[in-house]
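The values are calculated or read from the model by the stated rules, or taken from the named source; none is laboratory data. What you see is a predicted model; the values in this text were computed from it and never measured. Ideal geometry is used to build each Cβ from the backbone, glycine not excepted, and the neighbour counts take in all protein chains shown. To get the accessible areas, we keep the full protein, side chains included, count just its heavy atoms, and leave off ligands, DNA and RNA. Shrake-Rupley method; radii C 1.70, N 1.55, O 1.52, S 1.80 Å.
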Amino acid sequence: MAVIFERTKGLTDAQTHYCPGCTHGIIHRLVAEVLEEMDQCGNAVGVAPVGCSVLAYNYFNCDMHEAAHGRAPACATGIKRVLPDHTVFTYQGDGDLASIGTAEIVHAANRGEKITVIFVNNTTYGMTGGQMAPTTLIGEKGTTCQGGRDPELHGYPIRIAEMISTLTGAVYVERVRVDTPAEVRKAKKCIRKAFEVQKAGLGFSMVEVLSTCPTNWGKTAPDALQWLRDNMVPYFPVQNFRDVDIEAAKEEK
Amino acid sequence: MAKILMKGNEAFGKAAITAGCRHFFGYPITPQSELPEYLSRELPAIGGTFVQAESEVAAINMVYGAGGCGARVLTSSSSPGLALKQEGITYCAGAEVPCVILNVVRGGPGLGSIQPSQSDYFMCTRGGGDGDYRTPVYAPSSVQEACDMIQDAFDVAEVYRTPVLVLLDGMIGQMMEPVDFDRPRKQREIPAKDWATTGTKGERKPNIINSLYLSPEILEEHNYHLGRKYDLIEKEEVQVEMDRTEDAELVFVAYGTMARVVKNCVEDLREEGYKVGLIRPKTVWPYPYHAFDEIPACKDLFVIEMSMGQMVEDVKLGSNGRHNVHFYGRPGGMVPEPKEIVRRAKEIMGGVK
Ligand SMILES: Cc1ncc(C[n+]2csc(CCOP(=O)(O)OP(=O)(O)O)c2C)c(N)n1
Ligand code: SF4
């Protein structure tokens with residue numbers, strides 16, 4: 001019998017622990033497919049964060065580090081400096097990257113560290129039960145902002161892709177969403193580009209992925225996708241913030 | 001090789017390079033900044049990497065990443081910086097990532113002073129990160145000894161897969177002394193780094209550097225495993241110098257820079273006919289508790305520290321109630337003076353002879 005679709009070799013056959021309808025699983029799959037297609041599984045070292053994707057090291061079929069909360073970009077820096085010819089990536093949630101780890105992400109990007117960052121923005125701290133994140137939208141409820149996020153009290157949701165794209169060392173920054181098949185395909189292209197930028201040695205690359213948390217949002221999976229479209233996309237525009245022509249840049253180098 | 005006259009902090013950097021270390025991640029802080037300055041110049045010249053991190057937290061997490069790839073990797077700092085590194089040190093201990101960490105201690109607490117001090121003894125020997133872990137801690141007394149120990153520390157880190165600390169102070173960091181970098185060292189068999197994350201090449205299962213064990217049963221087993229390793233280190237790696245302790249009625253206990261000062265006091269008191277000696281721990285974890293079984297004539301132990309008295313707790317453990325334990329120390333970056341130490345020792349021994 002002909003095989004027309006199979007599990008990507010970029011993932012192990014471990015069953016993931018993600019909640020039904022959570023888009024972490026889709027994003028894992030995209031990263032893994034790109035690693036496989038670029039023939040990097042045997043040459044990659046990934047860094048798992050603290051957050052719902054803390055067990056990512058069990059799922060990606062490559063060497064992995066589990067880093068302290070927020071420190072994945074620093075850990076990846078150490079790895080990349082020892083193994084400059086390897087593909088090094090981090091996979092981080094918004095609590096991890098945009099809160100406790102803001103210094104590490106800003107400085108890794110600013111150093112132009114040749115790593116790829118997959119930033120999963122679901123506007124909440126999923127793992128610890130839906131507390132307010134730096135990305136929680138105005139009015140959005142969390143267990144630590146039960147009346148909804150109030151900018152007077154909590155400040156404003158941080159736009160990470162915009163912020164990182166101001167840094168010279170960040171050569172490729174794009175925000176994507178994974179709420180429809182077409183968007184998922186676009187997201188994959190961007191993830192691939194981010195890894196290609198790294199492979200070409202051009203600098204820091206990051207893809208911010210708008211993701212869902214049906215469990216903490218208290219929504220069904222389809223409603224969560226709709227909520228992402230209605231609420232996240234207007235505040236977190238899905239677009240390219242910093243691009244690079246890989247071939248031209250390689251020549252310039 | 002002939003001896004070269006070098007400033008402590010720079011010599012520590014050269015010792016690391018001599019030991020095969022090619023990766024340094026750090027953040028400036030007095031009184032150790034000459035070390036990153038030196039390595040920022042020397043490491044790139046030999047194909048190594050120097051990264052000035054954005055913070056001590058980032059630096060130690062870079063070390064964690066690099067060490068997990070099997071590299072010989074160093075970081076250094078001074079007291080408030082080491083406090084920040086504790087996060088990464090416990091991760092390295094938990095994930096069994098070898099690395100070497102130098103702490104050139106200054107006065108505390110808080111921002112304190114930049115003068116030499118020994119007040120990080122608790123932070124270094126008891127940990128400061130979370131969990132049941134230990135780190136070997138070397139406590140050299142001279143620039144030469146520091147350089148020898150730094151080289152050994154890289155081996156010990158890899159033999160046991162553990163972070164190793166070298167406890168220095170601003171005095172040793174700042175002084176100039178002649179150093180020989182080719183002194184014979186204990187030959188150790190370094191186990192293969194088959195655990196390191198260097199890419200599977202499609203030839204083996206993925207390696208994972210990790211300290212997360214969600215099942216308490218498995219985490220308990222991991223802690224027992226670490227505990228057995230620490231037992232072995234206590235058995236194999238403890239180092240102490242005993243100076244004229246066989247017939248000593250009063251035995252000083254001091255380490256690092258303070259032991260150098262006390263050595264002169266022992267000299268002077270011996271000349272005056274006092275039976276005194278010195279126990280100098282060269283490792284402060286594992287601590288040489290056995291030394292206190294080997295001082296048959298001793299009635300009084302006299303602990304001298306550049307702190308309010310931190311090691312004195314280990315001395316009491318070692319003595320286990322068999323001796324009178326006295327303490328004299330000065331905190332905040334003040335160094336106890338020989339004449340004050342001698343005067344107090346004489347008081348303990350019943351006045352002037
Ligand atoms: C130093 C530290 N502080 C806090 C925590 C608790 N903690 C675990 S996950 C998490 C939030 C993760 O949220 P996010 O990065 O958005 O990922 P998600 O779970 O939403 O995928 C927090 C605060 C921790 N493990 N370590
Ligand atoms: S808690 Fe939210 S982010 Fe975490 S796995 Fe469940 S749905 Fe996904």
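All told, B:Gly20 meets the bar of being out of contact with any Gly (no Cβ under 6 Å at 6 or more places or on another chain) and within 18 Å of B:Gln151 (Cβ to Cβ).
Does A:Leu83 satisfy the criteria of being touching a strand residue (DSSP E or B) at 6+ places or on another chain (Cβ under 6 Å), within 19 Å of A:Gln198 (Cβ to Cβ) and either within 12 Å of ligand 1 (Cβ to nearest atom) or open to solvent by 10 Å² or more (accessible area, probe 1.4 Å) (or both)? Break it down into steps so the answer makes sense when it comes.
Numbers: touching a strand residue (DSSP E or B) at 6+ places or on another chain (Cβ under 6 Å): no; within 19 Å of A:Gln198 (Cβ to Cβ): yes; either within 12 Å of ligand 1 (Cβ to nearest atom) or open to solvent by 10 Å² or more (accessible area, probe 1.4 Å) (or both): yes.
Here the answer is no, as A:Leu83 does not meet what is asked.
Answer with yes or no whether A:Ala103 is aliphatic (A, V, I, L, M) and open to solvent by less than 10 Å² (accessible area, probe 1.4 Å). Against the criterion (aliphatic (A, V, I, L, M) and open to solvent by less than 10 Å² (accessible area, probe 1.4 Å)), A:Ala103 does not qualify. The set of residues in the range B:1-21 that are small (Gly, Ala, Ser) and part of a helix (DSSP H, G or I) comprises B:Gly8, B:Ala11, B:Gly13, B:Ala15, B:Ala16.
When residues in the range A:129-140 are screened for being within 13 Å of ligand 2 (Cβ to nearest atom) and either among the aliphatic types (A, V, I, L, M) or within 14 Å of another protein chain (Cβ to nearest Cβ) (or both), 1 of them pass. Has the range B:51-65 got any residue that is under 16 Å from B:Ala15 (Cα atoms), within 11 Å of chain A (Cβ to nearest Cβ) and out of contact with any Pro (no Cβ under 6 Å at 6 or more places or on another chain)? No - not one qualifying residue is present in the range B:51-65. Given the residues B:Ala291, B:Ala345, which is the only one that is at pLDDT 95 or above and either within 27 Å of B:Glu236 (Cα to Cα) or surrounded by fewer than 19 Cβ atoms within 10 Å (Cβ to Cβ) (or both)? Result: B:Ala291 is the single residue among B:Ala291, B:Ala345 that is at pLDDT 95 or above and either within 27 Å of B:Glu236 (Cα to Cα) or surrounded by fewer than 19 Cβ atoms within 10 Å (Cβ to Cβ) (or both).
What do you reckon, is A:Ala200 open to solvent by 10 Å² or more (accessible area, probe 1.4 Å), modelled with pLDDT of 95 or more and not polar (S, T, N, Q)? Before you say what the answer is, go through the steps one by one.
Details: open to solvent by 10 Å² or more (accessible area, probe 1.4 Å): yes; modelled with pLDDT of 95 or more: yes; not polar (S, T, N, Q): yes.
For A:Ala200, the condition - open to solvent by 10 Å² or more (accessible area, probe 1.4 Å), modelled with pLDDT of 95 or more and not polar (S, T, N, Q) - is met.
Quick check on A:Glu66: is it surrounded by fewer than 24 Cβ atoms within 10 Å (Cβ to Cβ), among the acidic types (Asp, Glu) and away from ligand 2 (no atom under 16 Å from the Cβ)? Criteria not met by A:Glu66.
Pull out all pairs, ordered by first then second residue, where Cβ-Cβ is under 9 Å, the residues are six or more apart or on different chains, the first lies in the range A:116-142 and is more than 13 Å from A:Ile160 (Cβ to Cβ) and near ligand 1 (Cβ under 9 Å from one of its atoms), and the second is outside any strand (DSSP E or B) and at pLDDT below 95. Taking only residues 6 or more apart or on different chains, not a single pair turns up.
The condition of being at pLDDT 95 or above and farther than 15 Å from A:Val120 by Cβ holds for only one of A:Arg177, A:Arg192, that being A:Arg192.
Taken together, the criteria place A:Arg185 among residues that are open to solvent by 50 Å² or more (accessible area, probe 1.4 Å) and either closer than 20 Å to A:Ser99 by Cα or modelled with pLDDT of 95 or more (or both).
Does at least one position in the range A:21-42 carry a residue that is modelled with pLDDT of 95 or more and facing chain B (nearest Cβ under 8 Å)?
Checking the range A:21-42: at least one residue is modelled with pLDDT of 95 or more and facing chain B (nearest Cβ under 8 Å).
Checking the structure you have, find out if any residue of the range A:184-200 is away from chain B (no Cβ under 14 Å), in contact (Cβ under 8 Å) with a residue 12 or more places away in the chain, within 16 Å of ligand 1 (Cβ to nearest atom) and farther than 30 Å from A:Lys253 by Cβ. Among the residues of the range A:184-200, not one is away from chain B (no Cβ under 14 Å), in contact (Cβ under 8 Å) with a residue 12 or more places away in the chain, within 16 Å of ligand 1 (Cβ to nearest atom) and farther than 30 Å from A:Lys253 by Cβ, which makes the answer no. The conditions of being of a type in the set (D, E, K, R), away from ligand 1 (no atom under 16 Å from the Cβ) and under 21 Å from A:Ala76 (Cα atoms) are not met by A:Glu6. Residues of the range B:200-221 that are out of contact with any helix residue (DSSP H, G or I) (no Cβ under 8 Å at 6 or more places or on another chain), over 20 Å from A:Thr87 (Cβ atoms) and open to solvent by less than 60 Å² (accessible area, probe 1.4 Å): B:Ser215 alone.
Of the strands (runs of 3 or more DSSP E) entirely within the range B:259-353, those holding at least 1 residues that are of a type in the set (Gly, Ala, Ser) occupy B:276-281, B:324-329.
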